[in-house]
Amino acid sequence: MSISTTTEHEIRSQPEVWARAIGAAADGASVLGRPGEQVVVLGCGTSAFVAESLAVLRERAGHGRTDAAYASEWTPGRPYDRVVAISRSGTTSEVLEALSSVPEGTVKAAVVGVAGTPVAEAADETLVLDFADEESVVQTRFPTSVLALARAGLGEDLTSVLEQAAGVLDAPLPVDPSRFDHFVFLGRAWSYGLAQEAALKIREAAQAWSESYPALDYRHGPVAVARETSLVTLFGAADPVLAADIGATGATVHHQDLDPLVQLVQAQRLAVELAVARELDPDAPRHLTRSVVLN
Ligand code: F1P
């Protein structure tokens, strides 16, 4: 299998990089919140979707109330013990702005891909995952490594997830993205954040029409645009009844019985393959920069 883009190379490095992130959980996961703390997780773009998934994982693991918000939309008000900012670049303006408005007495924490960056410097506690940082503008292994570390920190054994990821990366994708012009990703609980990230990858890398929804909400309107050229991917567990209802529209329903993080790897690959099929360079996404720095 010839690797022709930086993004593909970074996608394929995930099992190995996840293993390092899992190894860093023992020391690093407390930055995401001590047991019992009330936490809000902030981010922009991909990092906002990571924040959403992380919040569901932490709260459902019984570690304390955990909210998530777009850094640009968050304003202080609700009581939190800790504000956690996620930013691969460490330079995103809206994240810096949000950190500057955190009330006295609330811990400011940051998860970044680059040490010594403004977001890292603005925080009281910082977790640097520099080994997961990327050259590509399109984020792939950094967001998934943050989630791998968080899950290990919450006590999950991810051994089988690493094996699954290595397994799918050695096999061709089970769907040909060039047959479709409309891509929908559906998720529930923590996999809804991943579904949103998958849809963003299709937009960023392949400039294609993609959407994402909480799975059961798809029947409440969005299904109206499903058609023969739609590929609807279900994240998380299979839902045969939902799949049948969507299939009745003529759309192709796709589900692989894999861990949601590995389902996201497959969606990353789908986005890159679609970009290549459209003669686009996934390493140079249109109108995008590695970080949004507002003056
Ligand atoms: C967030 C982000 C990326 C997006 C683009 C611009 O960056 O929105 O998700 O792909 O690169 O920046 P960061 O704050 O996580 O560095």
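The values are calculated or read from the model by the stated rules, or taken from the named source; none is laboratory data. Fair warning: this is a prediction, and the values are worked out from it, not measured in the lab. In this analysis, Cβ positions are derived from the backbone assuming ideal geometry, glycine residues included, and neighbour counts consider all displayed protein chains. Areas reflect the complete protein model, heavy atoms only, side chains present, ligands, DNA and RNA absent. Shrake-Rupley method; radii C 1.70, N 1.55, O 1.52, S 1.80 Å.
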Identify the trypsin sites (Lys or Arg not before Pro) of the range 196-255 meeting these criteria: DSSP loop state and at most 12 other C-beta atoms within 10 Å of the C-beta. 227
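When Lys and Arg each count +1 and Asp and Glu each count -1, what net charge do the other residues less than 13 Å away from residue 122, Cβ to Cβ, add up to? Spell out each step's value before the answer.
Working: positive: 108; negative: 94, 97, 121, 124, 125.
Here the charged neighbours net out to -4.
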log10 of Debye I(q)/I(0), alpha-carbon scatterers only, for the range 55-187 at 0.11, 0.17, 0.18 Å⁻¹: -0.52, -1.07, -1.15
For a quick check: with amide H placed at 1.01 Å from N, whose amide H comes under 5 Å from residue 254's, ignoring anything fewer than 5 positions away on the same chain? 232, 233, 234
Can you tell me the length gained on complete extension of the stretch residue 248 to residue 73, counting 0.36 nm per residue apart and subtracting the Cα distance? 59.2 nm
What ³J(HN,Hα) values, in whole Hz, does the Karplus curve 6.51 cos²θ - 1.76 cosθ + 1.60 give for the range 210-224 when θ = phi - 60°, with x put for Gly and Pro? 9, 9, 8, 8, x, 3, 6, 7, 4, 6, 8, x, x, 4, 4
So what's the angle, to the nearest 10 degrees on a 0 to 90 scale, between helix 46-60 and the longest Cα principal axis of the chain? 80
Work out the length of the dipole vector of the range 146-212 about its Cα centre, built from +1 on the beta-carbon of each Lys and Arg and -1 on the beta-carbon of each Asp and Glu, and round it to the nearest 20 debye. 180
Considering only 210, 241, 87, whose Cα is most displaced toward the positive end of the charge dipole of the chain, charges sitting on Cβ of Lys, Arg (+1) and Asp, Glu (-1)? 241
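Report, in debye and to the nearest 20, how large the dipole of the range 89-140 comes out about its Cα centre when Lys and Arg carry +1 and Asp and Glu carry -1 on their Cβ. Could the numbers behind the result be given before it?
Values: 1 positive and 10 negative charges, 18 e Å.
For the range 89-140, the charge dipole is close to 80 debye.
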Rounded accessible area per residue of the chain, 1.4 Å, Å²: 42
With axes computed from alpha carbons, what is the tilt in degrees of helix 159-169 against the longest principal axis of the chain, rounded to the nearest 10 within 0 to 90? 40
Alpha carbon centre of the range 76-107 versus the range 1-73: separation in Å? 16
Lys, Arg +1 and Asp, Glu -1 on Cβ, resulting dipole of the chain about Cα centre, debye, nearest 20: 400
FRET efficiency, residue 217 to residue 30 (Cβ-Cβ, R0 51 Å, nearest 0.05): 0.90
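What number, rounded to the nearest 500 deg cm²/dmol, is the helix-based mean residue ellipticity at 222 nm of the chain, given -39500 (n - 2.57) per DSSP H run of at least four residues and division by all its residues?
Details: 11 runs with 116 residues, N = 295.
Taken over the chain, the calculation gives -11500 deg cm²/dmol.
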Calculated over the range 1-115: convex hull of Cα atoms, volume per residue (Å³): 124
Quick one: Debye curve from the C-alpha atoms of the chain, no solvent, what's log10 I(q)/I(0) at q = 0.07, 0.08, 0.15, 0.16 Å⁻¹? -0.25, -0.32, -1.15, -1.30
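Ignoring any ligand, DNA or RNA, what whole percent of the accessible area of the chain comes from carbon and sulfur when the probe is 1.4 angstrom?
Numbers: 6250 of 12310 Å².
Answer for the chain is 51 percent, counting heavy atoms of protein chains only.
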What percent does the relative contact order of the range 203-295 come to when contacts are Cα pairs within less than 8 Å and at least six residues apart? 39
Given Cβ charges of +1 for Lys and Arg and -1 for Asp and Glu, the option among 175, 152, 187 whose Cα lies farthest towards the positive end of the dipole of the chain is 187
What does the extension gain come out to for residue 115 and residue 160, with contour length at 0.36 nm per residue minus their alpha carbon separation? 13.1 nm
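What longest range of the chain stays clear of loop-exposed GluC sites (Glu not before Pro) (DSSP non-H/G/I/E/B, at most 13 other C-beta within 10 angstrom)?
Free of exposed loop sites, the longest segment is 136-227.
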Between residue 175 and residue 189, what length comes free when the chain is fully extended (0.36 nm per residue of separation minus the Cα-Cα distance, one decimal in nm)? 2.5 nm
Relative to the chain, whose Cα atoms define the longest principal axis, helix 260-277 and its Cα axis are tilted in degrees, nearest 10, by 60
Cβ-based charge dipole, the chain, positive-most Cα from 258, 291, 276: 258
Quote the relative contact order of the range 25-80 in percent (integer), defining contacts as alpha-carbon pairs under 8 Å separated by 6+ residues. 39
